[in-house]
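The values are calculated or read from the model by the stated rules, or taken from the named source; none is laboratory data. From a predicted model like this one, the values you see are computed outputs, not experimental measurements. Reconstructed Cβ throughout: ideal geometry from the backbone, glycine too, with neighbour counts over all protein chains shown. Surface accessibility is based on the protein's heavy atoms, side chains included, excluding ligands, DNA and RNA. Shrake-Rupley method; radii C 1.70, N 1.55, O 1.52, S 1.80 Å.
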Amino acid sequence: MADASFNISRLREILKKTYFFQSLKMHELDELIGHMRSQKAPKGATIIKQGDPGLSFYLIASGRVSVWVKKTFSKTKVAELFPDQFFGEMALISHDPRSATVAAEEDTALFVLNRIDFEKILMKNPAVAQELRKAFQERKQMNK
């Protein structure tokens, strides 16, 4: 992992609470953790921008983010996400551009997994892939 201050036991706890990671075996979870890096987003920072390519998946360790969707001339807040919740998986699954903008509502600490590692580790596990597709369909409906 890139950041020596990463608390691996804390990350394990967060990942175990994330429903689609629950089916991972311990060695898969450890492999996943080995590829994650920490990122901090100060209050007001844009983490991902609607329309950009989806290159990473994010898990919130602490803080709060808001999810915004721009349609024509209006911008609508569609969700708020909190610790132990995730975002960014939709573009990784669909290979479409980001469907929303995510901004930090307060100082936020994130765990980030890039597309290559996401696909290599998670999508090879059928149970995880199924849960991610389910979450993708639910969020896709929410953003319509």
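Out of the residues in segment 1-28 that are modelled with pLDDT of 70 or more, open to solvent by 30 Å² or more (accessible area, probe 1.4 Å) and within 17 Å of the chain's Cα centre (by Cα), which is farthest from residue 61 (Cα to Cα)? So that I can check it myself, show each step before the final result.
The first filter runs over segment 1-28 and keeps only residues modelled with pLDDT of 70 or more, leaving 7-18, 21-28.
Within this subset, residues satisfying the condition of being open to solvent by 30 Å² or more (accessible area, probe 1.4 Å) are 7-10, 12-13, 16-17, 22-23, 25-27.
Within this subset, residues satisfying the condition of being within 17 Å of the chain's Cα centre (by Cα) are 10, 12-13, 16-17, 22.
Details: 10: 9, 12: 11, 13: 10, 16: 13, 17: 12, 22: 17 Å.
Among those residues, the one meeting the criterion is 22.
Take the residues of segment 57-84 that are closer than 19 Å to residue 11 by Cβ and in contact (Cβ under 8 Å) with a residue 60 or more places away in the chain: which is most open to solvent (accessible area, probe 1.4 Å)?
Looking at residues that are closer than 19 Å to residue 11 by Cβ and in contact (Cβ under 8 Å) with a residue 60 or more places away in the chain, I get 83.
May I ask you to list pairs of residues, at least six apart or on different chains, whose Cβ atoms are under 8 Å apart, with the first in segment 107-127 being touching a residue at least 24 places away in the same chain (Cβ under 8 Å) and on the phi < 0 side of the Ramachandran plot and the second being open to solvent by 50 Å² or more (accessible area, probe 1.4 Å) and in a helix (DSSP H, G or I)?
That search, which allows pairs on different chains as well, returns 113/35; 114/35; 117/35; 121/31; 121/35.
Regarding residue 45, is this residue surrounded by fewer than 19 Cβ atoms within 10 Å (Cβ to Cβ), farther than 22 Å from residue 133 by Cα and in contact (Cβ under 8 Å) with a residue 24 or more places away in the chain?
Working: surrounded by fewer than 19 Cβ atoms within 10 Å (Cβ to Cβ): yes; farther than 22 Å from residue 133 by Cα: yes; in contact (Cβ under 8 Å) with a residue 24 or more places away in the chain: yes.
Spelling it out, residue 45 is indeed surrounded by fewer than 19 Cβ atoms within 10 Å (Cβ to Cβ), farther than 22 Å from residue 133 by Cα and in contact (Cβ under 8 Å) with a residue 24 or more places away in the chain.
So, in segment 111-130, of the ones that are under 15 Å from residue 56 (Cβ atoms) and of a type in the set (Lys, Arg), which residue ends up surrounded by the most Cβ atoms within 10 Å (Cβ to Cβ)?
In this case the residue turns out to be 115.
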